[in-house]
Structure formats: C-alpha cells, structure tokens
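The values are calculated or read from the model by the stated rules, or taken from the named source; none is laboratory data. Since we're looking at a predicted model, the values are computed, not measured. Ideal geometry is used to build each Cβ from the backbone, glycine not excepted, and the neighbour counts take in all protein chains shown.
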Ligand SMILES: O=P(O)(O)OC[C@H]1O[C@H](O)[C@H](O)[C@@H](O)[C@@H]1O
C-alpha cells in the first residue's frame, strides 16, 4: 500500500477521514503527538502540529475550504507553473485537482520510511489538463512524519511519454509568525531579486536585512546557503539555506527547519493590509500572522524534463526553542543560532534527507 507506517502503532499513526466536502484527507501522527493532515484536494498539507499540538502553518480564519480553489494556507503545491508568468492559471492546476492515494509508488530510498508515518499521493495528467497543458506526467507526492515530528515532502515529477516539457514548481509554504513587523530575514541582502510588484524588474537587495513594513512579493534568485528569518516577538528564527531553512520561534519555544533540494529560488511574500482587505479568504489583519517563504525553481530551473523524473525534496523540522542550534552546512562550516537543532545536511542523499537518525539532538 502507498500509505504505510514503519515502526509504531499503525492504527494511531494514520487515519483517513472525509472533510466537509466529502474529500479524503490523511492524518499522520507521530508517537510523541505531532501530526500532519494532507488533503487529496491539491495534495495540500493543511496542518502540521508539533508534539505540543501547536499549529506551525498559517491558515486564516476566513480561509475557504471549498473547491474549485485551493485553501489559502498550509502548503499548496504549485505545478506546472508557479506564479502567473505562463499560459496557465496562477500557480498551475495541481493545487486544484483531486489526487489519489498511490497504492503502488516506485520505491524511494529504503531509509525514507524508517520510523515514519507516510502517505503517497498521485496526480496524473488528464484529458482535461491536456487541453491547456499538453504534456503527460505523473506527480507523486510522499508526505511523511518522523517520530520527532519532522515533516518531509518529496515531489517526484515524471515525464511519461518522453516528449520534453518545461515546468515550474513551488512549495508555497504559509508560515505562522507572531507579528510580521517583528520578523526579519537575513542572508538575502546581497542577492538579486525580481520584484513582482514592479513588473518583475530586477533589483539587488541592499538592506542589512529584509523587514516588513509594506507588501513584499519578491523572487530571490539562487538563494545562498544560509538565510535567517528572525521573529523577535515569537522569539523565533527562520534560517533558510539553499538546502535548509530553519524557523526558530523564541516565544513559542519552537524551531522549524526547512531543507530543500532542486529548488534554487526563494519567494518571500506578505500581502500586507491593503491587499489582504481585497482578498476574500484572509482576515483584514491576518497578514500580520503569516509569511510565505516559498521554495521554488521558478526562474532558473523551469525544469526541462526530457525523460525520466525529477525529485524535489523538502523537509520541515520543528524543535524546541530552548536549546542551542547548530546548522551544519558544508563540512567544516556551521551557523550557530540561539536555539537548537543539530543536523547533517548532506541532504542530496535521500537517506540523509529523510532518514537521518541524528537529525535531532
Ligand atoms: O493568491 P494565490 O494565487 O494563492 O497567490 C498568492 C501569492 O503567491 C506567491 O507568493 C506570489 O509571489 C504572489 O504574487 C501571490 O499573490
């Protein structure tokens, strides 16, 4: 079966229920109480809670949980287009499709499932999609939850007829923050970005850090190894690496680390007050509690998939905020943060990405 649990009590580790629209949703639970819920509508992660039951992803009070639009919040999957730069609807159609549970997924590395509850979902190109995007693909998503609450997403996109196609992709992650005015991002300051608010004009980031005093919608190109997003109010920091993003919330005493592979760019988005008021599915003031840090391959990759498949891996790791953090990047380098996580980021090897038992100390 494509939904399985490796180690602990399977009966409590995974549950399939119907949402209020009658659409299946899969809840995975860790033995320590962390959980995640993924909807077959869009393959979207709707919720991710740490072992204290605290929600780590943003969902607004006015979020609309009804097809044909994706719910604003959680982690929508943007495919085969991120943004509105192509011929498709904004962020592509995958987030608005009904996925199925994949009962027979091709194997991932053996250790991927060690000690984890996981579920495999599948979206196949349909005749309807073909009218607007004439390419044959299979998009497999593995969502897994480790014993320690780490959330891993692996997207495997496969060209199934050998005719090359291009696509862009993003994990459009809505992080929950305390107060956007108290959040800053460090590490993007020398990067070039395309400003979606200025017809994608290219600028170079000049400030010491990115702070939020107005709407921001930027694509940072080829993000470096380390970016930090600090949330003073929540006492939380997000560290983003090319392969890793960490989110530390001092107030909530939690850390989230994101590791990614095959996704060179970072999109930073907050709609701010005016745009929020114009959006029907977010409360007027809720922009203060959200920050989208999307990991994508919009500009550089626009993956050309000639044959075979590409894997786009993504890991979110929560950690208590009362220990020291050491993010180990390249061998011999490290970034010390005030709170706590130690991991080995040789994540290009899926066994490290998904199954490294030393990921948390
Ligand atoms: O409203 P959505 O289609 O979900 O898009 C929400 C946002 O997604 C990304 O972050 C884009 O950079 C923004 O321009 C867009 O507004």
| request: Could you give me the residue pairs with C-beta distances under 6 Å whose first residue belongs to the stretch 18-41 and is farther than 17 Å from residue 120 by Cα, whose second residue is modelled with pLDDT of 95 or more wherever it lies, and which are 6+ apart or on separate chains? | output: 19/25
| request: Would you confirm whether any residue within the stretch 171-190 is more than 17 Å from residue 286 (Cβ to Cβ), modelled with pLDDT of 80 or more, within 19 Å of the chain's Cα centre (by Cα) and within 16 Å of the ligand (Cβ to nearest atom)? | output: yes
| note | If we keep only residues of the stretch 65-84 that are part of a loop (DSSP other than H, G, I, E, B) and within 10 Å of the ligand (Cβ to nearest atom), then the residue nearest to the chain's Cα centre (by Cα) is 76
| Within the stretch 156-175, is there a residue that is in contact (Cβ under 8 Å) with a residue 24 or more places away in the chain, assigned to a strand (DSSP E or B) and touching a helix residue (DSSP H, G or I) at 6+ places or on another chain (Cβ under 8 Å)? | no
| query | Any residue in the stretch 94-101 that is over 30 Å from residue 210 (Cβ atoms) and either in contact with a helix residue (DSSP H, G or I) (Cβ under 6 Å, 6 or more places away or on another chain) or without any contact (Cβ under 8 Å) to a residue 12 or more places away in the chain (or both)? | reply | no
| request: May I ask you to verify whether residue 196 is modelled with pLDDT of 85 or more, touching a helix residue (DSSP H, G or I) at 6+ places or on another chain (Cβ under 7 Å) and surrounded by 15 or more Cβ atoms within 10 Å (Cβ to Cβ)? | output: no
| query | Got a number for residues in the stretch 15-55 being farther than 20 Å from residue 78 by Cβ and either in contact with a helix residue (DSSP H, G or I) (Cβ under 8 Å, 6 or more places away or on another chain) or assigned to a loop (DSSP other than H, G, I, E, B) (or both)? | reply | 16
| Residues of the stretch 280-290 satisfying the condition of being over 16 Å from residue 74 (Cβ atoms) and either buried (at least 20 other Cβ atoms within 10 Å of the Cβ) or within 11 Å of the ligand (Cβ to nearest atom) (or both) | 280, 287, 288
| request: Give me a count of the residues in the stretch 88-105 that are away from the ligand (no atom under 16 Å from the Cβ) and either in a loop (DSSP other than H, G, I, E, B) or at pLDDT below 90 (or both). | output: 5
| Is it true that residue 108 is modelled with pLDDT of 95 or more, closer than 18 Å to residue 158 by Cβ and touching a helix residue (DSSP H, G or I) at 6+ places or on another chain (Cβ under 8 Å)? | no
